[in-house]
Amino acid sequence: MPWIVQYLWLIALLPFAAALITAFLKRPLRTPAAAIVIGAMSISFLLSLCALAQVLKHGHEPQTCNFNWFHYGENAFVRLGFLLDPLSAMMLIVVSLVSLLVFIFSVGYMDHDENATRFFCFLSLFAGSMLALVISNSLLLLFMSWELVGLSSYLLIGFWYHKPSAAAAMKKAFIVTRIGDIGFFIGILWFYAGTGTTLFYTDDHQGSLEIARLGMLGASTALSISLLIFCGAMGKSGQFPLHVWLPDAMEGPTPVSALIHAATMVAAGVFLVGRMYPLFMVNESALHVVAFVGAFTALFAATIAVAQWDIKRILAYSTVSQLGYMMMGLGVGGYVAGLFHLFTHAFFKALLFLGSGSIIHACHHEQDIRKMGGLQAKMHLTFVFYGIGTLALTGFPLFAGFFSKDDLLLGAWHFHRTESWAFYIPFVFGLIGAAFTAFYMTRQVKYVFFGKARGEGAEHAHESGPSMTFPLLVLAALSVLTGFLGFPGHHFFHHFLGPNTEAHAFDGTALSIMFGSSILVLVAIYSGWKVYSGRVLEAGATDPLEARFPNAFRILQNKYYVDEFYEATVVAFTNAFARGVSLFDRYVLNGLFVLGSSMVVYVLSLVSQLMDDMAINGGFDKGCSTMRKAAGWNRWIQNGLSQHYLKLTSLGIILLFILALYFGNR
Amino acid sequence: MPTLSDYLVLSAILFSIGLAGALTRRNTIIILVGLEMMLNAANINLVAFWHFLPPSPTGQMFALFAIAIAGAEAATGLALVIAVYRHYRSVNAEDISNLKG
Amino acid sequence: MNPILEYLRNDIITPMTFLPCIGALLLLFLHRSDVRSIRLLAFFASLSPLLPLMRMIQKYDSSISSIQFSFKAAWIPSFHVDYFVGVDGLSIAMVLLVSIITPLTILGSFRSIGAPEPSKAGCKTFYTLILLEQTGLYGAFTALNFFHWFIFWEMSLVPMFFLIKLFGNEDRTHAAYQFFIYTFVGSVAMVIGMQFIYLATDSWDFIDLAKMALPTDGVHSVLSSKIENLAGSIGVPFLMNHAVTLVFLLVFAGFAVKVPLWPFHTWLPVTYTQAPTAGSMLLTGLMSKMGVYGFLRVILPLFSPSIAAHATTLLFLAVATIVFGALAAMAQRDLKTLVAYSSVSHLGYCMLGVFAVASVTGNVNDKALALNGVILQMFAHGLSAAGLFYFVGLIEQRAQTRALADLGGLRKTVPVMCGLMGVTLFTSLGLPGLAGFVGEFMIFRGAFPLQIGFTCVAAIGILLAALYLLRMMKGIFFGPQDDKWNAMPDLSMRERLVSGVLVALMFVVGIAPGYLISLSNSAVLELAKIYRLVA
C-alpha cells in the first residue's frame, strides 16, 4: 500500500488536532491560533497534492485503507476506512486549497473580533470534518463527518451569537439539514443492512457500492435507498424544498459563507450523489428525481436572487441555484459535468464571497447594495477580482463557468427522450436560469461598483490589506484557468474523473448549444447593464424591476413566501402537536390516569375510614369511655399520701383479722 | 406472776398506740416513732412466746434481729426524711403526694 | 491462610457493594458542623469501590458469557433464598457507570446540596443518603437472586425518596410521594409476578430461571409449563389460560414504570424537576438504567415467547416513548422538565432495541448489535443526562431560575460552561464522535432489518431531539444577553473537573466504543440466541 493511502487519515486529522489545540487557547492568543491552524492546513494541502499525484500516477482504481471500528456478535465487525480515488483526490484539492485561502483571508477579516481564536478553532474543525468526509470509504464514516460538518456550520453561522438573527439562523440551518439527514440515516441503515458492509470499496471487491453496482439489491430497493440518501443531499446542498436554511446562513462571518456555504460544505450533497453514483445508476428513476429537483432549484433560486438587496443573500441564492445545476448535471447522467461544475464553482464562488467580504469589511459591515456604489474607484483590486468571479459565474466565454455550465447544458440536452416533453425541462430551466444568473450578477456589480457612493460606509471605503487580496488573487487565477481543464474535445477532467463514463461528442449540437447559451448570457448581461445605469444608481431610486412589475418583485423579494408557508404549516403543526402531547401528559395521563386512580384509592380509604369510625371504633370507644369513668371513680384511692395508703392497709388487715376470727373458728 | 396473755395485751396496746401515731400524726418523724413502737410491740410478742413456750432459741434470735433491723430502718427512715425535707422543704406527710393517681 | 483474605479472594462484589455503606456509617461519627470532613469522607467513600472494581475489570474475561466473580451463600434455605452476586456482560457496564457517576455527583454537590438548604445543616444526611443509594444501586446491578435483588431494588428507592423530600425544590413533597408510590406500585406488581414464579418453580435464582425458560418447542418451556400447572391447580379457567401472560404483565409493569415506558412515565418529569441536582443526576444517570437492566436480565430471558407474542404492542410503546417524550420536551419551558422529558425519549431508544430483538425473524448478529447498542446507549445516556442535569443545576444555582425564557446570551459571560454543556447537549443529540451516536446507531442498525416500520418512525425522535436540544442551547446561551447576568461566574475548578471528566468520557466512548462493546458482547449474544428458539 502506498504511504499516502496508508496515511490518508493524516490529512483530516491535522486540522482536527489544530482545532483541539486552539480550543484550549485563551482569547488574546489570536496570532498563535491562526498560525497553528494555517500551518496544519498547509500540511494537509501538501498531503492532498501528494494524494493527487498518487491518483494521477496509479490510475483510477480506488485505493483503500480499512480498519475495524469494533467487533460485535459472532465475528461481525463494523468497519471504517479511507479511500483515495479521483473523486476524493479532486475534493481534497478543492477543500484544502479553498480552506487554506479562506483561513489566510480570515486573518485580515477577523482582526477586530475579540473571539478570533474561537473562530479559527471552528474553521479548523470544519476543515477536518470536511476532509474526513471526502476521503471516507464508509457510508458510516461519511455520515459521521457529515454531521460534524453540520455542527461546525452551526457553530460558525452563530459565531456572532448575540445577534438574535444569527441565533435563529444557526438553529434553522442545523434543523433543516437534519430533516434531510433523517432520510439519509434511514438510507444508511437500509444500505448497510442490504449489503452487509459500510465500506464502499474493499480489496476483495465486496464493498457496498461494488455489490450495488452488480444489481444485487434489486431495482426498487436501490431506488428507495437512493432517494433516502438523496434526502440528505438535498438538505445539505440546499435543494428545494430544504433550501430555506442556506440564505439565512449568511448571518455568519463572510469567510464562513465563502468556505462553508458556497465552496465546500454545501457541495457535500453533490459529492454524496457523486460518491453513491453506482447505486443511483441501478435504477434510472432515482437519477430522474435528482435531475428534476436540481433543475427546478436552479431556476427557482435564480429568480429569487434578482430581487434581493443584501449582497450576500444574492450570492447565497446564486449558490442554491448553482447547486441545483450540479444536481441537474448528475441527474441527467452527466457524472463528470456535475462534478466539474462543483470544481469550478468552488473557486469562483469562494472568490465572489471573499470579494464581498472585502467589500463588506471596507464598508464597515454594510451589506445592503443600495447603500454601496462607486467602489470601483476606491477598491481597484477587489473590483477586478470580483469582476472575474462574476464573469466566471455568469458563464462568460472562456471563463471557468463557461466550460462547466456548457457541459451541464449539453448533458441536459441529451437527457431528452421521445416519450415525453417533460425530459426537456432540465435543459429549458437550465437555459433560463443561466440568463437570470447573468442578469442578477450584472445588477449586483452595477449597484456595488458603479454610480456614486450612496452610504456612509461606501464613502469611506478603501482597499483591503494583502492578507485579504492575496487569496482573492489566487482564486481569481483559478477561476480563469480551471475551466480549461474541461476544454471541449480535450476534456482532461473527464479522463481524470470518469474514464469509464461516456462523454458526449463535441459535435454540431454541442457547438450550437455553446453558441446559443453564450449569446443568451451576453444578452442578459447587456440588458442588465442597460437597466441598471444612469439615474437608477442614485440614492433613493427604486429598482426598475420593482417599478415595472411591483407584484412579481414583491413575491420574489419574499422568496415565494416559502419561509412563511413553513412557519404557518410545518412549524405551527409541530409546535401545536408538541403542546398537545405535553398537555395530554399533564392532564390526561397524569391527571385522569394517575391522579384519577389515586383519587379512587383516596375515596376507598375514606369509605374504609367511615366504616372504622362507625362500626369498629364506635364499640371500642364506648368500652374505653366506660373504663375511663370507672377509673375516675376509683381515683380517690390513689391520692398519693402514704399515710392514707397505710390506713387502707391497716383497715385491710383488720378486715382480714375479723374474717379470720369469724371463719377460722369453724 | 404475769401470764402470757398479759404480755400479749401489753404488746397489743403498744402496737395500737404505735399504729395510731403512724396513721394520724403529720410529722414524718413522729410517724417514724410510731413505726418504731409497732416494731417493739412485735418484739415483746416474740420474747414472750420464747419465754412461755418449750425451749428453743428461735424467738430470742428473732427479737435480736428485729432490733438490729429496726435500728437500720430508723437510720434509713431518718435519712429519707432528711432527703424529703431537702426536696420539699417540709416534713409534713400530707405535702408529699407525688404518687397521686 | 488468613480467612479474611481468603474470602476477599473469592468475593469482590460484596466489598464493592458495601464500601459506600461503611462510608455512610463512618459519616455518622463526624460532627454535623464539620462540613469539610463530611464532604471529603463522602467523596472518598463513594470513590472507594473503584479499587475492587479495577481488579474486577482487570480479571474480567470478555469472551465468556456466563456470570463471573459470582459468590453464593445460603441465606434463608427454607425459602431457597441465597445471597448470590455476580456480574456478566449485561451488568458490568452499569457497575462501571455507578462507580463513575456517584463520586462525580458528590463532588458536584460540594457547594450546594439542594434548594431549600443553602446552609450546611443537612450536609451529613445528604451525603449519607447518596452513599446508601450507591450501595443500593450496586446491589441492584449485581444481585442474581430475586429476593436478594429486590431488597436492593427497593433500598435504592428509599434514600432517593428522602433526597427528594428533604432537599428538593418547591414542590418536593408531592414529587417525592408520587415518585415513591408510583414506582412502588410497579414493584408490588413485580413481586406478585415473581412470587407466582417462585411458587411454581421453587427458585428465586435468575440464572436458574433463565435456564428453565429456554423454549423447548418455540412457545413452551419448563418454566411456562410449571406456571400453567400451578395456575391449573387454582381452578379458575381464565387464570389457567392466561397464566404466563399475566405473570409476564405483572413483572413487566414493575420494569416499565421504572424505565419509564410511555404511558407510565408521568411520575418522571415531576420527580426529576423537583429533585435536587444530585438527586436528578442519580435518578437519570443510574436509576433509570435499573429498569432497562431489568428488561435485559429478567424479561428477555424469562418471557421470550410472551415478549415475542406482544412485540408489536411493545414496539408501539417504545416508539411512543421516543416520539411523545421528545414532543413533550419541545413544549417545556422549565429546563429541568425539558431534560427530564429528553431522558424519557432517550430511554425509548433502549426499549426499541430490547423489543426489536424479540422479533422472530432476523439474524443473531443484528440482534446482538441492537442489544450491545442498548447497553452502550445506557452508558452514554448515563453520562450525558447526568451532565445535563448537572449543568442545569449550575445554571439554576447561579441564576436562581430554571425558566428558559429568563435566560439567554450566557455564552458571553460563561464561555467555558457553554462549551462543556454544548458538548453534553450534542452528545444527547447523537452527534457522531460523541458517545450518544454510537449507541443510537447500533440500536437503529440492529433494529432496522428486524422492524423496518417502527425503526423509521423512531428516527423522527432523532430530529425532534435536535429541535428541543438546540432550542435549549439557543435559549440559554445565544441571543442578546440580559445585563443582570453580567456578574455570573464561570465554572470553578471543581466544576470543571466534574464536567470535564464527563465530557472526556463522552469523547472516549464516542470515538473508541470497542472496549465497552467487547465487555457486553458475549452475554448479549447468548441472550440474542434465545430468540432463535422462539416461534
Residue list for region C:509-535, restricted to those being in a helix (DSSP H, G or I) and out of contact with any helix residue (DSSP H, G or I) (no Cβ under 8 Å at 6 or more places or on another chain):
C:Ile511, C:Gly514, C:Tyr515, C:Ser518, C:Ser522, C:Ala523, C:Glu526
Looking at (1) more than 30 Å from C:Tyr468 (Cβ to Cβ); (2) buried (at least 17 other Cβ atoms within 10 Å of the Cβ), which is the one condition that is false for A:Ala166?
(1)
Considering each of A:His504, A:His462 in turn, give the residue that is loosely packed, with under 12 Cβ neighbours inside 10 Å, of a type outside the set (Asp, Glu), in contact (Cβ under 8 Å) with a residue 24 or more places away in the chain and not in a helix (DSSP H, G or I).
A:His462
Mind checking which residues of region A:314-336 are part of a helix (DSSP H, G or I) and either among the hydrophobic types (A, V, I, L, M, F, W, C) or surrounded by fewer than 24 Cβ atoms within 10 Å (Cβ to Cβ) (or both)?
A:Ile314, A:Leu315, A:Ala316, A:Val320, A:Leu323, A:Met326, A:Met327, A:Met328, A:Leu330, A:Val336
For C:Phe43, state whether it is part of a helix (DSSP H, G or I), modelled with pLDDT under 90 and surrounded by 14 or more Cβ atoms within 10 Å (Cβ to Cβ).
no
When every residue in region C:471-494 that is under 16 Å from A:Trp160 (Cα atoms) and part of a helix (DSSP H, G or I) is compared, the one farthest from the other protein chains (Cβ to nearest Cβ) is C:Ile476
Got at least one residue in region C:343-353 being assigned to a helix (DSSP H, G or I), within 11 Å of another protein chain (Cβ to nearest Cβ), under 20 Å from the mean Cα position of the chain (by Cα) and more than 24 Å from C:Phe441 (Cβ to Cβ)?
no
Looking at (1) closer than 25 Å to A:Leu410 by Cβ; (2) under 35 Å from the mean Cα position of the chain (by Cα); (3) at pLDDT below 85, which is the one condition that is false for A:Ala524?
(3)
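Yes or no, residue by residue, for (1) surrounded by fewer than 24 Cβ atoms within 10 Å (Cβ to Cβ); (2) facing another protein chain (nearest Cβ under 7 Å); (3) closer than 23 Å to C:Gly168 by Cβ; (4) modelled with pLDDT of 90 or more:
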site	(1), (2), (3), (4)
C:Ile375	no, no, no, yes
C:Leu383	no, no, no, yes
C:Tyr390	no, no, yes, yes
C:Arg398	yes, no, yes, no
C:Lys412	yes, yes, no, no
C:Ala459	yes, yes, no, yes
Within region A:137-166, of all residues that are more than 9 Å from chain C (Cβ to nearest Cβ) and among the hydroxyl-bearing types (Ser, Thr, Tyr), the one farthest from A:Phe185 (Cα to Cα) is A:Ser165
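Considering only residues that are assigned to a helix (DSSP H, G or I) and within 20 Å of A:Leu139 (Cα to Cα), look in region C:447-457 and name the one that is nearest to the other protein chains (Cβ to nearest Cβ).
Step one: filter region C:447-457 for residues assigned to a helix (DSSP H, G or I), giving C:447, C:452-457.
Those left that are additionally within 20 Å of A:Leu139 (Cα to Cα): C:447, C:452, C:455-456.
Working: C:Ala447: 9, C:Ile452: 8, C:Thr455: 7, C:Cys456: 6 Å.
That would be C:Cys456.
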Given (1) touching a helix residue (DSSP H, G or I) at 6+ places or on another chain (Cβ under 8 Å); (2) within 14 Å of chain C (Cβ to nearest Cβ); (3) aliphatic (A, V, I, L, M), identify the lone condition not met by A:Val536.
(2)
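If the requirement is being assigned to a helix (DSSP H, G or I) and either within 11 Å of chain A (Cβ to nearest Cβ) or buried (at least 18 other Cβ atoms within 10 Å of the Cβ) (or both), which of these qualifies: B:Leu14, B:Leu8? Walk me through how you get there before you give the answer.
Values: B:Leu8 fails: either within 11 Å of chain A (Cβ to nearest Cβ) or buried (at least 18 other Cβ atoms within 10 Å of the Cβ) (or both).
Of B:Leu14, B:Leu8, the one residue that is assigned to a helix (DSSP H, G or I) and either within 11 Å of chain A (Cβ to nearest Cβ) or buried (at least 18 other Cβ atoms within 10 Å of the Cβ) (or both) is B:Leu14.
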Just the residues that are more than 9 Å from chain A (Cβ to nearest Cβ), of a type in the set (A, V, I, L, M) and under 20 Å from C:Gly514 (Cα atoms), please, taken from region C:422-446.
C:Leu434, C:Ala435, C:Ile443
When residues of region A:190-208 are limited to those that are surrounded by fewer than 24 Cβ atoms within 10 Å (Cβ to Cβ) and not in a loop (DSSP other than H, G, I, E, B), the one nearest to the other protein chains (Cβ to nearest Cβ):
A:Ala193
Residue pairs within 7 Å by beta carbon, gap of at least six or interchain, first lying in region B:72-101 and more than 7 Å from chain A (Cβ to nearest Cβ), second among the acidic types (Asp, Glu), listed first then second, are B:Ala74/B:Glu36; B:Tyr88/B:Asp95
Going through (1) over 26 Å from C:Phe110 (Cβ atoms); (2) outside any loop (DSSP other than H, G, I, E, B); (3) touching a Phe, Trp or Tyr at 6+ places or on another chain (Cβ under 8 Å) one by one, C:Ser499 fails only at (1)
Number of the exception - C:Asp217 against (1) part of a helix (DSSP H, G or I); (2) charged (D, E, K, R); (3) surrounded by fewer than 20 Cβ atoms within 10 Å (Cβ to Cβ)
(1)
Please work out which residue is nearest to A:Ala503 (Cα to Cα), limiting yourself to region A:371-429 and to residues that are assigned to a helix (DSSP H, G or I) and of a type in the set (Asp, Glu).
A:Asp407
Is it true that A:Asp368 is surrounded by fewer than 20 Cβ atoms within 10 Å (Cβ to Cβ), touching a strand residue (DSSP E or B) at 6+ places or on another chain (Cβ under 9 Å) and among the charged types (D, E, K, R)?
yes
For A:Ala53, work out the one condition from (1) away from chain C (no Cβ under 14 Å); (2) under 25 Å from A:Cys121 (Cα atoms) it doesn't fulfil.
(2)
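Kindly state which helices (runs of 4 or more DSSP H) lie completely within region A:591-666 and contain at least 3 residues that are farther than 30 Å from B:Val91 by Cα and within 14 Å of chain B (Cβ to nearest Cβ).
On the way: elements: A:596-611, A:617-633, A:642-664.
Filter on region A:591-666 gives A:617-633.
The values are calculated or read from the model by the stated rules, or taken from the named source; none is laboratory data. Everything numeric in this text was worked out from a predicted model, so none of it was measured. Note that each Cβ is placed from the backbone with ideal geometry, even for glycine, and that neighbours are counted across all protein chains shown.
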